[in-house]
Amino acid sequence: MHTFVHLSDIHFGIQEDHIVDACEQWIAGTDADLVLVAGDLTQWATKEEFDQAEAWLDKIENHGHKVLFVPGNHDVPAVNLFERFVKPHGRWDRHIGEEHRNWWHEEPGLAILGLNSARGLVVKNGKISDDQIEMMREKFASAADDALRILMCHHPLWELPRGGEPGDAIQNQMAVVNATDDVGIDLVLTGHNHTSSVHRTLDLPHGDGSALAIQAGTAFSRRLRTEPPSFNIINAHRTDCHIRVIGWDGDNFVERRQHRYVREHDEAHWQPTEASAASVVAQLAREAESD
């Protein structure tokens with residue numbers, strides 16, 4: 001069983017410092033194999049914000065956790081239009097490193113591909129290029145049959161919740177989704193919508209594959225939608241996936257809800273367990289009490 005911290009949209013530049021510290025301490029106390037950050041390390045892609053992001057990521061690594069991350073649309077310059085459209089990832093490459101835009105991580109029982117979905121010319125949603133799709137096919141073709149296969153990018157591939165409304169799907173949705181189905185992706189980890197959620201791709205429009213689509217909320221920024229800052233703790237292998245949503249309660253990070261999905265060795269699709277159903281019922285009850 002592998003353990004991951006999945007967080008996104010940390011947005012240095014508009015962070016809440018006390019929540020940043022609390023998040024760091026929570027992660028420091030976990031036995032996570034990897035910390036996976038699904039983009040938007042900064043708010044305006046300034047040097048100062050990248051410096052803050054680098055310093056925080058270094059702290060997490062100093063606690064003994066390997067950190068893997070991809071760019072988000074806020075990691076592309078927003079004010080300098082020349083840089084945005086001509087060299088959209090110039091600042092990311094200088095401060096974070098070009099090798100962190102698209103990367104491959106493999107170890108026994110695990111294969112993860114991180115893809116950059118942020119584009120200077122794409123404002124509303126993201127895009128994964130034909131070359132990146134080919135990379136996906138080549139990398140996972142070489143992965144071990146028993147490996148848990150994870151794709152991480154910033155932008156959701158489907159219209160997933162964005163506060164109380166559905167967000168946008170990635171631009172070239174069908175080409176990307178078909179590729180994830182073909183290579184047998186188990187988990188698709190994204191951010192962008194500042195809303196945590198878990199879905200079987202089987203239940204999503206244009207998503208008849210066998211993966212789980214898992215969104216992380218914003219970990220500690222002030223750009224909130226309908227929920228407080230949060231991140232996910234994921235324990236998973238190819239036949240069992242347990243997701244805990246860890247949310248801010250005003251003073252501390254606490255477990256908000258959990259989802260658990262299982263599947264038999266010869267079964268293609270994830271099946272929700274009673275733990276998921278009970279968590280959903282409890283969440284609805286809390287929301288009803290607050291109305």
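The values are calculated or read from the model by the stated rules, or taken from the named source; none is laboratory data. Just so it is clear, the structure is predicted and the values come from calculations on it, not from any experiment. Glycine gets a Cβ as well: all are built from the backbone with ideal geometry, and neighbour counts include every protein chain shown. Just the protein is used for accessible areas: all its heavy atoms, side chains included, with ligands, DNA and RNA removed. Shrake-Rupley method; radii C 1.70, N 1.55, O 1.52, S 1.80 Å.
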Note to self: Using the Kirkwood radius over C-alpha pairs as Rh, can you work out the diffusion coefficient of the chain via Stokes-Einstein at 10 °C, viscosity 1.306 mPa s, in µm² per second?
What the structure shows: 84 µm²/s
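What number, rounded to the nearest 500 deg cm²/dmol, is the helix-based mean residue ellipticity at 222 nm of the chain, given -39500 (n - 2.57) per DSSP H run of at least four residues and division by all its residues?
On the way: 7 runs with 80 residues, N = 291.
Result for the chain, helices only: -8500 deg cm²/dmol.
Quick one: accessible area per residue over segment 9-75, 1.4 Å probe, rounded to a whole number of Å²?
Numbers: 2480 Å² over 67 residues.
About 37 Å² of surface per residue is accessible.
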Check: Pick from 95, 269, 74: which is most flexible by mean-square fluctuation in a GNM of the chain where alpha carbon atoms under 10 Å apart are linked?
Finding: 95
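How many percent of the accessible area of the chain is carbon or sulfur, using a 1.4 Å probe?
Values: 6000 of 12440 Å².
Here it works out to 48 percent.
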Checklist line | Surface accessible to a 1.4 Å probe, residue 253 within the full protein complex, Å² | finding: 20 Å²
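Charges only on Cβ, +1 for Lys and Arg, -1 for Asp and Glu: so what's the dipole of segment 1-160 about the Cα centre, in debye to the nearest 20? Don't jump to the answer; show the numbers that get you there.
Values: 14 positive and 28 negative charges, 127 e Å.
Dipole magnitude for segment 1-160 comes out near 600 debye.
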Checklist line | For segment 163-220, size of Cβ-based charge dipole, Lys and Arg +1, Asp and Glu -1, in debye | finding: 160 debye
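What ranking, highest mean first, results for peptides 54-67, 28-41 when packing means the other Cβ atoms within 10 Å averaged over each residue?
Numbers: 54-67: 15.0, 28-41: 21.2.
Top to bottom by mean Cβ count within 10 Å: 28-41, 54-67.
Please give the length that would be gained between residue 178 and residue 66 if that part of the chain were fully extended, namely 0.36 nm times their separation in residues minus their C-alpha to C-alpha distance (nm, one decimal). All intermediate terms of the calculation are to be shown ahead of the outcome.
Working: separation 112, 0.36 × 112 = 40.32 nm, distance 3.01 nm.
Taking residue 178 through residue 66 to full extension adds about 37.3 nm, to one decimal.
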Notebook entry, point to check: In the Gaussian network model of the chain, springs joining C-alpha atoms below 10 Å, which of 114, 164, 184 carries the largest mean-square fluctuation?
Noted result: 164
Notebook entry, point to check: Just for the chain, what percent of DSSP beta bridges are antiparallel, to the closest 5?
Noted result: 65 percent
Notebook entry, point to check: If you take the charge dipole of the chain about its Cα centre, with +1 on Lys and Arg Cβ and -1 on Asp and Glu Cβ, which of 55, 172, 237 is farthest toward its positive end?
Noted result: 172
Margin query: For residue 129, what accessible surface area do you get with a 1.4 Å probe? Give it in Å², rounded to 10.
Written below: 40 Å²
